[in-house]
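Enquirer: The structure follows.
The values are calculated or read from the model by the stated rules, or taken from the named source; none is laboratory data. None of the values given here were measured: they were computed from a predicted structure. Note that each Cβ is placed from the backbone with ideal geometry, even for glycine, and that neighbours are counted across all protein chains shown. For accessibility, only protein heavy atoms count, side chains too; no ligands or nucleic acids. Shrake-Rupley method; radii C 1.70, N 1.55, O 1.52, S 1.80 Å.
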Amino acid sequence: MLGDILRGQEKSPLVLIEDSCDLPGRHVILSIINCLAPRLEKVILITYEKPARYFKDALSEDLQRRVDIVDCSDDPLGWQRGGSPSIDGEFLKIVEGVISPGIRSVGLVIDSLTLHILNRPLPYTCQILHAVKSAKIKDCEISQTVCLLHRDLHDDTAVGLIEHMATTVIKLSPCKSCDFQHSCCIVHQRASGKVMKVVENFNMDDKFQLKEVCEATPTFTMVMPDSVSQADPAANLPFNLSLTDSEKAARSQVKLPYIKDNKGGEPEIQVGGKIFYQPDDADDFDEEDPDEDLDI
C-alpha cells in the first residue's frame, strides 16, 4: 500500500504524514519527493522548520532541478515584515507565485502544518489546506499535496480535523520486526469511497528510496486458564433451593390434577377438556341435593 501511494498507483489528492519526536518523518517526506519528481513536471516544497539547504543536501542534482523550494524557515511567524512568506500566507498564493507558464501538473509538499495549527486558528489552517486540494492554477493542476504533522504537539481534536480532510493518513509507529527499520499504519480512502487500513514495515536506503515493503502480521497472545470455575447461583442463600433424594421421591408421588387415577393401575393422561372431581372423606356431599348448602 505505501509503495502504491508513493508511486501514484493509488490516487490520493491529500496525504498526511504523522510523526512524533521519537519517530521523525522527514525521511518519508524525502522519499515522497523522490517519487513525485519523476512523474510530475514540478514539485513545490514549502519549508517552515528546516532550511532549504537541509533538503538540497538530501536530494540528487537531477531532483534539485525538478524541485522548487520555498524557504519560510527564516521568519515563519512573519515578525520581520517584507521577508519570506510566513504562516499568514495561503498555500495557494505561494504556489501561484512559483509556477512557471506551461506547467500542467505539480506536486505540493508542506513541512510542516504544526506551526500553522499552533499559531493560527484551526479553521484557517483547514481552509487554506482545502483550497489546494486538487486545485488548478493557470491551467496547472495540483495533483497531490503532502503534509507533515507532529501529532504529539496537538490535541486529538486538531489531529482529527486534519485527518478528516486527508485521503491518506500515514502514522509512523515503532517497528517490532528485527528485519525492518520503520513501520507505519496507513488509512487510505480510495476514489470509490472504500477505506482501507493496513500496517506495513519498510526499509529505506541512503538515497531515501523505499525498499522491502511488507505488511505486518499482527500477533495475538491468548492465555487460556487451566480450569474455568463457574459461580453457583444457589450459594450463600438464606434458604435452600436444592432437594434431597427423599424430597425428590415424595415430589414424584404427587398426583397432578389433570391425571386420572385408574384405581391402582397406570395413570391415564386425558387429552380432552374433561374435569374429574373426587370428593374427600370429610366432604359433605349429597348426591340427591347438591345445592343443599345454598340459601335459596
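Enquirer: Tell me, yes or no, whether segment 3-16 has at least one residue that is in contact with a Leu (Cβ under 7 Å, 6 or more places away or on another chain) and not in a helix (DSSP H, G or I). Steps first, please.
Expert: Step one: of segment 3-16, the residues in contact with a Leu (Cβ under 7 Å, 6 or more places away or on another chain) are 3, 6, 16.
The next check asks that each one be not in a helix (DSSP H, G or I); those that pass are 16.
Yes, segment 3-16 contains a residue that is in contact with a Leu (Cβ under 7 Å, 6 or more places away or on another chain) and not in a helix (DSSP H, G or I).
Enquirer: Yes or no: segment 99-121 includes at least one residue that is without any contact (Cβ under 8 Å) to a residue 60 or more places away in the chain and in contact with a strand residue (DSSP E or B) (Cβ under 7 Å, 6 or more places away or on another chain).
Expert: Yes, the conditions are met somewhere in segment 99-121.
Enquirer: Are any residues in segment 67-84 at positive phi and either assigned to a helix (DSSP H, G or I) or open to solvent by 70 Å² or more (accessible area, probe 1.4 Å) (or both), and if so, which ones?
Expert: Quick first cut of segment 67-84, residues at positive phi only: 78, 82.
The answer is Gly82, and nothing else.
Enquirer: Within segment 57-66, can you find the residues that are of a type in the set (Lys, Arg) and either in contact with a Pro (Cβ under 6 Å, 6 or more places away or on another chain) or exposed (fewer than 15 other Cβ atoms within 10 Å of the Cβ) (or both)?
Expert: Looking only at segment 57-66, we keep the residues that are of a type in the set (Lys, Arg), and these are 65-66.
Hit for segment 57-66 is Arg65, nothing else.
Enquirer: Does segment 89-121 hold any residues that are open to solvent by 10 Å² or more (accessible area, probe 1.4 Å) and in contact with a His (Cβ under 9 Å, 6 or more places away or on another chain), and which are they?
Expert: Of segment 89-121, the ones open to solvent by 10 Å² or more (accessible area, probe 1.4 Å) are 89-90, 92-94, 96-105, 115, 117-121.
Passing the criteria: Ile117, Leu118.
Enquirer: Further question on the same structure: Out of Ser134, Ser173, I need the residue that is under 23 Å from Ile33 (Cβ atoms), open to solvent by 50 Å² or more (accessible area, probe 1.4 Å) and either under 23 Å from the mean Cα position of the chain (by Cα) or modelled with pLDDT under 95 (or both). Which one? Don't jump to the end; show me each part of the working.
Expert: Numbers: Ser173 fails: open to solvent by 50 Å² or more (accessible area, probe 1.4 Å).
Testing whether each residue is under 23 Å from Ile33 (Cβ atoms), open to solvent by 50 Å² or more (accessible area, probe 1.4 Å) and either under 23 Å from the mean Cα position of the chain (by Cα) or modelled with pLDDT under 95 (or both) leaves just Ser134.
Enquirer: Just to be sure I understand, how many residues within segment 21-49 are surrounded by fewer than 15 Cβ atoms within 10 Å (Cβ to Cβ) and not in a helix (DSSP H, G or I)?
Expert: Qualifying residue count, segment 21-49: 3.
Enquirer: Related question: So how many residues does segment 85-99 have that are assigned to a loop (DSSP other than H, G, I, E, B) and under 18 Å from Asp75 (Cα atoms)?
Expert: Of segment 85-99, the ones assigned to a loop (DSSP other than H, G, I, E, B) are 85-90, 99.
Still in the running and under 18 Å from Asp75 (Cα atoms): 85-90.
Going through segment 85-99 one residue at a time, the tally reaches 6.
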